[in-house]
Every structure is written in C-alpha cells, then in structure tokens.
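Notes follow once the structure below has been shown.
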Amino acid sequence: MYRIVKKEALNMAVTLLEIEAPLIAKKAQPGQFIILRTDEEGERIPLTIADYNREKGTVTIIFQVVGKTTKVLGALNVGEKILDFVGPLGMASHLDGYKNAVVIGGGLGSAIAYPQAKKLHEMGAKVTMIAGFRSKDLIILEKEMSAVSHQLFVTTDDGSNGNKGFVTDELKKLIDQDPSIDLVIAIGPLIMMKFVSQMTKPHGIKTLVSMNPVMIDGTGMCGGCRVTVAGETKFACVDGPDFDGHEIDFDEAMRRQTMYKEQEAESMDQHNCRLGGIIDG
C-alpha cells in the first residue's frame, strides 16, 4: 500500500498527489511513468511521473478527472492509501548533449513537460518553455515552470490571460528568431504534438513527443499501447513513451485513441449510479 502525503487541487479538474514510494523515487527519471490501481476492483492506469524526491522517498503524479479511476483517485485524501503503484516504467528521456531546448506542454501535458525542462535546466541547457491552456482558469504550474526555464510563454485559446494563441504560434516565432535551437520537446494532445512536429521537421530540429496510448500491463505483453514509428510497430510502455515526433504516425494514434470511448462512458455511468445509490441510501 502506498500512502498519500500531499494533495493539492491545481485547478477545477486537475489534482496533484504526492505518494510515499521510496523504491520508485530512488530510480525515477524524467519521461518515465507508473501504473497504479486504487483498489482490488480498480483498473490499471498509467500516469507520468511529474516529480520525485529521493530524500523524502516520494513520487508526484498529476492527473485530470476524466473517467472512473481518476474520479476514485481524486476522491482520496492525505493519509489514505493506493493499493498498487508500480514503476518506474518506460525509458527515461535522453537529454544529454542538448544546449538550447524548447519544451512545450499542452494543457495537462505541462505537468509532464515540467520534469523534462527541470532536468535540462539542471544540466545547464538554455530552456524556453511554452505552455498552452484553453483558458486562464486552467493554467497550472506556472511558478514551477518559470523557475526551470530561461523564458516562459503561457498562451490561452481564449486570450483570458492576455496572451491569446496556440503553442505553435510561439514556437514559430522562436524558430524564426533563433536558429541555434537543437531540441524541441512537445507533450500534450496528439493533434498539438503532430502540428509541432510538422513545424520543426523542415528545420531539422530534433523533436521528442511523449505518447500515452492505452496501457494494461506496462511490460509490452498486451500490445495495447502499440504505435507506429518510422513504419514499425513500437510499444509505448517499453520502447517509449518518448519517440521522434517526425517518425510517429499521428493519424493512426488518434484513431486508436477513440477505440474505447463507449466502454469508458459506460464504466463512468455505472460508477455514478452506484455512488448515487449509496448516497440516497
């Protein structure tokens, strides 16, 4: 069992949990993830490691309530425990040798981009961060991202924070102004990562994206997390989750992402019905 030592609501839908997991904290690296199960009847879900503290022996996860498991997870409080918390899984991000990086987070992807930027900053690279959100109310980790970057641009689709636009708008300006950029990391919705990769490809800028398809076992056995990279089948859980954005078949990945929407909706409805019965009773 893994005890929750900190809980923080980052916005109306996104929650941060810090979990006691000393063995995972000892080995964790940016880019890796864990798979958790809240209880014996719970499903396995992957969540990227947003941060870790080796001294305290804790791992931080950040998630949005979008389905049954994240709703159950979000209802847990400090002192309560999670049944299974397995990791670190996946390949750590390969960040050595880069001098001038642009790290992009789209929505909740900013929580995953943050440890990448932090690591590059600690390694002495120049780091520019771009974080995009739908509106001002959804912005998360602004202070933390600013602390690990030389410059931070926060955009909103509706302009409610005073900077209307998309992350690709800021990226285009940076590429035009600075030909020395040697790495772009993009983490967020598939469509955003696709457009970022299309923008960097003509300039020959190394571009890493983080793929988060459906995962079950996290060892490559089930095949659920397969993605097509340079025409070959790869598994995000063991070969990734980082891949070269110029080699990903994003259209296929987006089609696969919608495969289980009906089952997810049915599971959520059943959970809400059972919860309503308990409250009414």
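The values are calculated or read from the model by the stated rules, or taken from the named source; none is laboratory data. It should be emphasised that the depicted structure is a prediction, and the values quoted were computed from it without experimental measurement. For neighbour counting, all protein chains shown are included, and Cβ atoms are generated from backbone atoms with ideal geometry for every residue, glycine included. Each accessible area value is taken on the protein alone, full model and side chains, heavy atoms only, with ligands, DNA and RNA left out. Shrake-Rupley method; radii C 1.70, N 1.55, O 1.52, S 1.80 Å.
The table for this structure:
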read-out	value
Options Thr38, Thr70; residue that is touching a residue at least 24 places away in the same chain (Cβ under 8 Å), on the phi < 0 side of the Ramachandran plot and under 17 Å from the mean Cα position of the chain (by Cα)	Thr70
Test result for Lys99, more than 26 Å from Met193 (Cα to Cα), charged (D, E, K, R) and surrounded by fewer than 19 Cβ atoms within 10 Å (Cβ to Cβ)	no
Those residues of the range 176-193 which are under 13 Å from Ile130 (Cα atoms) and open to solvent by 20 Å² or more (accessible area, probe 1.4 Å), in sequence order	Gly188, Met192
Positions within the range 73-113 being in contact with a helix residue (DSSP H, G or I) (Cβ under 6 Å, 6 or more places away or on another chain) and either free of Cβ contacts under 8 Å to residues at least 40 places away in the same chain or closer than 20 Å to Ala13 by Cα (or both), in sequence order	Gly105, Gly106
Test: residue in the range 41-49 that is modelled with pLDDT of 90 or more, assigned to a loop (DSSP other than H, G, I, E, B) and open to solvent by 30 Å² or more (accessible area, probe 1.4 Å)	no
Qualifying positions in the range 23-34 - in contact (Cβ under 8 Å) with a residue 40 or more places away in the chain, surrounded by fewer than 21 Cβ atoms within 10 Å (Cβ to Cβ) and either part of a loop (DSSP other than H, G, I, E, B) or not charged (D, E, K, R) (or both)	Gln29
Test set (1) touching a helix residue (DSSP H, G or I) at 6+ places or on another chain (Cβ under 8 Å); (2) over 28 Å from Tyr52 (Cα atoms) - Val184 fails condition number	(2)
Members of the range 149-164 that are in a loop (DSSP other than H, G, I, E, B) and either without any contact (Cβ under 8 Å) to a residue 12 or more places away in the chain or surrounded by fewer than 21 Cβ atoms within 10 Å (Cβ to Cβ) (or both)	His150, Asp157, Asp158, Gly159, Ser160, Asn161, Gly162, Asn163
The range 48-66 residues that are under 7 Å from Ala25 (Cα atoms), paired with ones that are open to solvent by less than 20 Å² (accessible area, probe 1.4 Å) and part of a loop (DSSP other than H, G, I, E, B) (beta carbon under 8 Å, 6 or more apart)	Tyr52/Ala28; Gly57/Ala21; Thr58/Ala21; Val59/Ala21; Val59/Ala28
Subset of the range 211-221 [out of contact with any helix residue (DSSP H, G or I) (no Cβ under 6 Å at 6 or more places or on another chain) and either closer than 18 Å to Glu252 by Cβ or modelled with pLDDT of 90 or more (or both)]	Asn212, Val214
Top-ranked residue in the range 198-231 [being without any contact (Cβ under 8 Å) to a residue 60 or more places away in the chain and in a strand (DSSP E or B); ranked as nearest to Ala92 (Cα to Cα)]	Val209
Residue within the range 1-22 that is under 23 Å from Phe243 (Cα atoms), buried (at least 17 other Cβ atoms within 10 Å of the Cβ) and touching a strand residue (DSSP E or B) at 6+ places or on another chain (Cβ under 7 Å) present	no
Some residue of the range 168-175 being under 15 Å from the mean Cα position of the chain (by Cα), buried (at least 16 other Cβ atoms within 10 Å of the Cβ) and at pLDDT 95 or above	no
Scope the range 107-128; condition more than 15 Å from the chain's Cα centre (by Cα) and crowded, with 24+ Cβ neighbours inside 10 Å; matching residues	Leu120, Val127
